[in-house]
Amino acid sequence: MNCEIVTIGSELLHGQIIDTNASCLARKLNLIGLNISFHTTVGDTYTQIKDVLFQAWKRTDLVITTGGIGPTEDDLTREVIADMVGVPLKFKEELMDQIESIFKRIGYSMPENNRKQAFIPDGAIPIPNEIGTAPGFIIEKGSKVIIALPGVPKELKYLLNKKVVPYLKKRFQLDQELITSRTLKVTGIGESKVDIQIKDLINENTNPTIGILASPGDISITITAWAKTKREAEALIKPIEREIRSRLGINIYGVNEDTLHGVVTNLLNKKGYTLSVLETFSGGELTWRLQRSLSSPLHESIVIGKKEQILSFLDKKAPALEINKETAECLAKKIKSKGNSSIGLALLGTLKAAKKGYDVNAHVVVSGENVNGSYAWKMGGDIPTLQSRSAIIALNTLRLALIS
């Protein structure tokens, strides 16, 4: 089955918001056996939407739209689709009742223009929306299907999982074959090195396939298999995963939705360790990541921006401060003691203006009983990038210290 995703909204073309709906749809639809052949984005102009949907309708079996089913004048998706398939819009009392109930629940009276959202193309299957005011709808015509979903990401995900996926599985008998994937999360080495290590596996395999996606400080290796059952697909994935793990070793920190800060937090909690952190040029980036869990083992965090503050923390006088491993080690031990924690971590460095952005000479030290590690690096870039990468390096240094 071939599918086209059409995301509708001028704000997408103007760069005012990032389109997360298309990636969400593509991931979910691929997992149930649908092939995404095209992804098109179009603004809120009637003729442009109609042209795009007409082309999508001609060249694919399934079209899924997001956006354009709100209450405002520029929400035109329902009108365009009705025109395209040659039917009028029809008022649905049950949709109107549900929209009104949403407003009552939050204590507001419904504006008159929301009445527009209770109209869908005649003959369409309504998709009630229990968490928003934009119900979707499905149109079946011969062997083809078009599905209109809201553009609000939370509402789209809800309707996709609760209503659309079960419908698609039944309509296109997608339980006949499924796609299963497993993503290995890698840090500490670059994309090119990962590619060198596993490129023969990428070239040799067609089922499962292997793909690499790089993001700052993080690389995802996704192994995707097609099979009749999940067990068969996993049996195809397992030997490939085993081989990749044997090559990349401890650079693999997690799988699927794992995050580096989440893995580190779980390791600390599992071992019963607490942590205190001191960071300088990173501006609290490391602390922010460590606090993204309700079960964070972080006892104390200090963010210091100036050399004078570092000297004061160490009870030293100027100019007795060097940016080196020894100083970072002193800071790690002192913050461990001050926070009365199992482990102290110091992230030390200075930012210096360069021709393009800034340079940093940095050190991270992890200090605890039987948990020790350190790393030093020099890097250039803009301040947000340097701070983000430093937090990732610090987290990975702590992870390696915990598992060594």
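The values are calculated or read from the model by the stated rules, or taken from the named source; none is laboratory data. Every value quoted in this text rests on a predicted model; they were computed, and no experiment measured them. Here the Cβ is made from the backbone with ideal geometry for all residues, glycine too, and neighbour counts use every protein chain on show.
Taken over the stretch 111-145, the residue count meeting the criterion of being touching a residue at least 12 places away in the same chain (Cβ under 8 Å) and not in a strand (DSSP E or B) is 19. Among the conditions (1) closer than 16 Å to Ile127 by Cα; (2) under 34 Å from the mean Cα position of the chain (by Cα); (3) among the basic types (Lys, Arg), Lys104 misses just one, which is (1). Kindly indicate which of Leu149, Leu168, Leu160 is surrounded by 19 or more Cβ atoms within 10 Å (Cβ to Cβ), under 21 Å from Asn256 (Cβ atoms) and assigned by TED's automatic domain parsing to the domain that holds Phe119. Only one candidate passes the filter, namely Leu160. Of the residues making up the stretch 347-361, those that are assigned to a strand (DSSP E or B) and either within 29 Å of the chain's Cα centre (by Cα) or modelled with pLDDT of 90 or more (or both) are Leu347, Leu348, Gly349, Lys352, Ala353, Tyr358, Asp359, Val360, Asn361.
Residues that are touching a strand residue (DSSP E or B) at 6+ places or on another chain (Cβ under 8 Å) and buried (at least 16 other Cβ atoms within 10 Å of the Cβ) within the stretch 55-72 comprise Ala56, Trp57, Thr60, Asp61, Leu62, Val63, Ile64, Thr65, Thr66, Gly67, Gly68, Ile69, listed in sequence order. Among the residues of the stretch 8-22, those identified as within 15 Å of Lys154 (Cα to Cα) and touching a residue at least 60 places away in the same chain (Cβ under 8 Å) are Thr20, Asn21.
Considering the stretch 1-79, the qualifying helices (runs of 4 or more DSSP H), each wholly inside and each with 2 or more residues that are modelled with pLDDT of 95 or more and over 25 Å from the mean Cα position of the chain (by Cα), run over 46-59. Regarding the stretch 192-205, can at least one residue be identified that is over 24 Å from Gly70 (Cβ atoms), touching a strand residue (DSSP E or B) at 6+ places or on another chain (Cβ under 7 Å), touching a residue at least 12 places away in the same chain (Cβ under 8 Å) and not β-branched (Val, Ile, Thr)? Yes, the stretch 192-205 has at least one match. Taking the stretch 225-253 as the range and being polar (S, T, N, Q) and surrounded by 12 or more Cβ atoms within 10 Å (Cβ to Cβ) as the test, the residues that pass are Thr229, Asn251.
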